[in-house]
Amino acid sequence: MDILIAGATGKTGLRLVNQLKAKGHAPIALVRESSDTGALPDDVALRRGDLTNLESGVCDGCDAVIFAAGSGGSTGPEMTDKVDRDGAKRLIDLAADAGVSRFVMLSSVGADDPDPDSELAHYLQAKHEADEHLKASGLSYAIVRPVSLTDDEGSRDMRFGDKADPKGKAARGDVAAVLADAVEDDEWTGKALVMQSILPDA
């Protein structure tokens with residue numbers, strides 16, 4: 001499949017690009033003019049677009065879309081809203097317009113019912129609104145909600161849903177593997193699941 005990836009140059013996105021290539025898919029990286037694309041494989045197609053101001057047609061010709069972007073921990077609430085909420089919602093709408101077959105959302109543990117007292121309350125509310133927009137879009141979707149992320153590759157030993165520990169860890173390599181599976185596995189259709197990696201004790 002031709003798969004558009006928002007966040008392809010990020011820590012999880014780069015792993016995702018390589019995993020999709022290994023599965024025989026053709027990842028298309030959605031990148032800003034200022035994006036550092038040096039770590040992407042040379043043969044990965046680039047499509048220009050800024051999540052804070054997406055133009056029509058950005059999803060045209062794509063079989064699926066994966067949202068693996070984020071405003072980052074150092075940005076304020078305004079950028080969180082622009083990228084994690086409004087950017088995601090706009091990309092969902094454009095994907096629906098383009099008739100893509102699947103939209104996979106990288107969300108977060110806690111996004112199903114944001115805790116207003118959490119340090120991440122604003123971020124989780126933004127993710128919640130994006131997730132709900134996806135559910136109501138009419139698109140075939142999957143929502144992956146990892147627990148606290150680490151930069152580990154992981155072992156592909158994971159727990160999902162009620163079996164996952166909300167206070168556990170999720171290796172970015174495992175997260176990327178789940179996103180790559182969710183884009184094509186019917187078992188993920190219409191599901192929103194928390195995921196946790198089973199990491200060896202340090």
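What ³J(HN,Hα) values, in whole Hz, does the Karplus curve 6.51 cos²θ - 1.76 cosθ + 1.60 give for segment 184-194 when θ = phi - 60°, with x put for Gly and Pro?
10, 8, 4, 4, 8, 4, x, 10, 10, 10, 6
Kindly identify segment 1-113 as rounded, prolate or oblate by the Cα gyration tensor criterion: order the square roots of the eigenvalues as a ≥ b ≥ c, call it rounded if a/c is under 1.5, otherwise compare a/b with b/c, prolate if a/b is larger, else oblate. List each step's numbers first, then the result.
Values: a/c = 1.43, a/b = 1.24, b/c = 1.16.
Rounded.
Over the chain, what percent of the accessible surface lies on carbon and sulfur atoms, probe 1.4 Å? Walk me through the numbers on the way to the answer.
Details: 4230 of 9680 Å².
That fraction is 44 percent.
What's the percent breakdown of Cα-Cα distances in the chain across 5 Å bins, shortest bin first?
Each 5 Å bin holds this share of Cα pairs: 1, 8, 17, 22, 22, 17, 9, 3, 0, 0.
How big is the antiparallel share of DSSP beta bridges in the chain, given as a percent to the nearest 5?
Roughly 10 percent of the DSSP beta bridges within the chain come out antiparallel.
Skip the ligands, DNA and RNA, and give the accessible area per residue of the chain with a 1.4 Å probe, whole Å².
For the chain, the solvent-accessible area averages 48 Å² per residue.
For every helix of n ≥ 4 consecutive DSSP H residues, a contribution of -39,500 (n - 2.57) applies; sum these over the chain, divide by its total residues, and give [θ] at 222 nm rounded to the nearest 500 deg cm²/dmol.
Only helices count here, giving -8000 deg cm²/dmol.
Projected area of segment 90-153, taken from the Cα convex hull and averaged over every viewing direction, in nm²?
Values: hull surface 20.6 nm².
The number I arrive at for segment 90-153 is 5.1 nm².
Once every Cα of segment 1-55 carries one equal point scatterer and solvent is ignored, give the base-10 log of I(q)/I(0) from the Debye formula at q = 0.29 Å⁻¹, two decimals.
Relative scattering, expressed as log10 I(q)/I(0), comes to -1.25.
Once you've got the GNM for the chain with C-alpha springs shorter than 10 Å, pick whichever of LYS82, LYS21, LYS167 has the biggest mean-square fluctuation.
Checking each option, the largest mean-square fluctuation is seen for LYS167.
Of VAL147, VAL104, VAL175, which is the most mobile in a GNM of the chain whose springs link Cα atoms less than 10 angstrom apart?
Its mean-square fluctuation being the largest, the pick is VAL147.
The values are calculated or read from the model by the stated rules, or taken from the named source; none is laboratory data. Just so you know, these numbers come straight off a predicted model, no measurement behind them. Keep in mind that these areas ignore ligands, DNA and RNA; they rest on the heavy atoms of the full protein, side chains included. Shrake-Rupley method; radii C 1.70, N 1.55, O 1.52, S 1.80 Å.
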